[in-house]
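The structure under discussion appears below in the form of structure tokens.
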Amino acid sequence: MAKQINFPGTKPTHRLYRVEGDGKNARWIEIGAAWRHGDEMGFSLHCGAMPLHGRIVMRAITERAARPAREAA
């Protein structure tokens with residue numbers, strides 16, 4: 001992914017992925033990150049890429065999600 005933008009004093013709370021396909025055949029590619037607003041009413045998003053196809057999925061960062069997403073071969 002391109003250069004990570006950080007908001008002062010915070011780490012992203014979610015990752016953004018471009019997903020094509022379904023189930024075991026789905027291909028997940030990390031495209032950005034999200035930061036929860038202080039009032040917890042929304043998010044600030046940073047996208048290194050904007051997909052033309054597929055869908056965008058936002059997932060909370062967990063120990064498992066912190067590892068690079070595997071791409072289906």
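Structure above, values below:
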{"item": "Formal net charge of residues neighbouring Pro51 (Cβ-Cβ distance under 12 Å; K, R +1; D, E -1)", "result": "+1"}
{"item": "Where labels lie 7 Å past Cα in the beta-carbon direction, separation of Met41 and Ala60 in nm", "result": "2.2 nm"}
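All of the numbers you see were taken from the coordinates with simple rules; none came from a lab. Note that this is a predicted model, so its numbers are computed, not measured. Virtual Cβ from ideal backbone geometry, glycine too; neighbours counted across all protein chains shown.
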